[in-house]
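Undergrad: I have a structure I would like to understand better, so I am pasting it below and will then ask my questions one at a time.
The values are calculated or read from the model by the stated rules, or taken from the named source; none is laboratory data. What you see is a predicted model; the values in this text were computed from it and never measured. Neighbour counts are summed over all protein chains in view; Cβ atoms, including those assigned to glycine, are modelled from backbone coordinates with ideal geometry. Ligands, DNA and RNA are stripped out before the accessible areas are found, and what is left, the full protein with its side chains, is counted by its heavy atoms. Shrake-Rupley method; radii C 1.70, N 1.55, O 1.52, S 1.80 Å.
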Amino acid sequence: MRAERPGLLGLALLGLGLLAAAAPPAHAQGEEGAFAPQIAMPGNQQAWRRVGQATFQHYFQPYYRAALYVSPTLRDVGEVAEALTAYQVEILWQPSELGEAEVHGYWRQALRNAAGDEDTYGRIEAKAEHWIAQLPAVHHGDRWVFSYVPDAGMTVQIGGRPVHRLVGIDLNRSLTRVWLGDRADPEPRAALLGTDSAAQHDAAGR
């Protein structure tokens with residue numbers, strides 16, 4: 001069943017809530033208590049729930065830990081994979097350091113793979129490259145937050161500040177599929193969606 005989309009006022013409140021609630025204070029950017037089980041959303045009576053968490057690898061190396069948050073009223077978590085409903089993904093980078101070139105290479109490869117075919121990637125390539133070119137180097141424990149609202153786009157926070165806004169359904173759907181699409185690594189994908197409790201427990205303990 002498809003979740004109801006919020007009205008215009010609801011979208012505005014939701015977008016503001018995502019920006020305000022996503023980032024922890026500076027002293028909480030590390031690993032300790034990395035992902036809260038719930039996050040308070042201003043304008044919403046109910047807190048958003050954490051569906052699952054997982055570790056995503058790149059070339060067999062842990063790249064980042066991730067957690068997925070959705071509204072408690074969402075009935076079908078599968079809608080998130082198609083970017084049909086609002087969600088939030090938080091990631092904590094795991095390497096001691098990754099230079100800009102490595103960060104850019106990761107997202108370029110991940111988006112190309114998630115797009116599924118060259119025609120789709122061709123439609124998002126210019127926007128994707130513009131975003132990728134602005135991404136900084138990362139260090140262990142750096143937190144990035146991806147907050148998505150249908151019809152409003154994706155806000156990306158780095159270090160607690162909203163620094164990017166990504167628009168366009170093809171780009172946002174491809175980015176969503178990096179974690180949740182059919183081409184994503186199946187074990188962390190299942191753990192993030194909360195559909196495999198064994199994988200989720202294993203990933204959370206890494």
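Undergrad: How many residues are aliphatic (A, V, I, L, M) and buried (at least 17 other Cβ atoms within 10 Å of the Cβ) when one looks only at segment 153-175?
TA: Number of matching residues: 6.
Undergrad: If you don't mind, another one. State the number of residues belonging to segment 52-69 that are aliphatic (A, V, I, L, M) and either over 17 Å from the mean Cα position of the chain (by Cα) or surrounded by fewer than 20 Cβ atoms within 10 Å (Cβ to Cβ) (or both).
TA: Here the count works out to 0.
Undergrad: Give me a count of the residues in segment 139-157 that are at positive phi and assigned to a strand (DSSP E or B).
TA: Of the residues in that region, 1 qualify.
Undergrad: Now for a different question. For residue 128, indicate whether it is assigned to a helix (DSSP H, G or I), hydrophobic (A, V, I, L, M, F, W, C) and open to solvent by less than 20 Å² (accessible area, probe 1.4 Å).
TA: Answer is yes for this residue.
Undergrad: Could you tell me which residue of segment 80-96 is farthest from the chain's Cα centre (by Cα), considering only residues that are open to solvent by less than 10 Å² (accessible area, probe 1.4 Å) and over 12 Å from residue 179 (Cβ atoms)?
TA: Only one residue fits best here, namely 93.
Undergrad: Which residue is surrounded by the most Cβ atoms within 10 Å (Cβ to Cβ), if the candidates are limited to segment 101-112 and must be of a type outside the set (Val, Ile, Thr) and under 23 Å from residue 147 (Cβ atoms)?
TA: Applying the filter and picking the extreme gives 111.
Undergrad: Taking the stated definitions as given, is residue 57 polar (S, T, N, Q) and under 17 Å from residue 189 (Cβ atoms)?
TA: Yes; evaluated as a whole, the condition is true for this residue.
Undergrad: Select, from 138, 145, 178, the only residue that is in contact with a Leu (Cβ under 6 Å, 6 or more places away or on another chain), open to solvent by less than 50 Å² (accessible area, probe 1.4 Å) and among the β-branched types (Val, Ile, Thr).
TA: The unique qualifying residue is 138.
Undergrad: Can you confirm whether residue 67 is in a loop (DSSP other than H, G, I, E, B), within 27 Å of residue 142 (Cα to Cα) and modelled with pLDDT of 80 or more?
TA: no
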